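Participant: The structure is given below, and queries will be raised subsequently.
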Amino acid sequence: MGSVHSVNDIRKAIRELSARAELANKEGRSDDAAELEKRIAGYREELGEKP
């Protein structure tokens with residue numbers, strides 16, 4: 001990530017990436033889905049560090 005994101009930006013990114021991961025799973029693209037889930041986890045971690 002490398003840059004500071006607002007809470008709203010993080011939540012929006014999580015929603016959008018989650019939708020993409022779900023679609024990738026439905027289409028059988030498990031590698032893509034796994035990469036998206038990894039990015040989502042990073043955003044959730046960043047969100048958890050926010051006050």
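Bear in mind these aren't lab numbers, they're just calculated from the coordinates by the rules spelled out. Because the structure is a prediction, the values reported are computed rather than measured. Ideal geometry is used to build each Cβ from the backbone, glycine not excepted, and the neighbour counts take in all protein chains shown.
Participant: For the structure I just gave you, tell me whether Ala19 is exposed (fewer than 12 other Cβ atoms within 10 Å of the Cβ) and either without any contact (Cβ under 8 Å) to a residue 12 or more places away in the chain or in contact with a strand residue (DSSP E or B) (Cβ under 9 Å, 6 or more places away or on another chain) (or both).
Facilitator: For Ala19, the condition - exposed (fewer than 12 other Cβ atoms within 10 Å of the Cβ) and either without any contact (Cβ under 8 Å) to a residue 12 or more places away in the chain or in contact with a strand residue (DSSP E or B) (Cβ under 9 Å, 6 or more places away or on another chain) (or both) - is met.
One line per residue, one yes/no per condition, for (1) touching a residue at least 60 places away in the same chain (Cβ under 8 Å); (2) in a helix (DSSP H, G or I); (3) surrounded by fewer than 16 Cβ atoms within 10 Å (Cβ to Cβ); (4) of a type in the set (A, V, I, L, M, F, W, C):
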| site | (1), (2), (3), (4) |
| --- | --- |
| Asn8 | no, yes, yes, no |
| Asn25 | no, yes, yes, no |
| Ala33 | no, yes, no, yes |
| Ile40 | no, yes, no, yes |
| Tyr43 | no, yes, no, no |
| Glu46 | no, yes, no, no |
| Lys50 | no, no, yes, no |
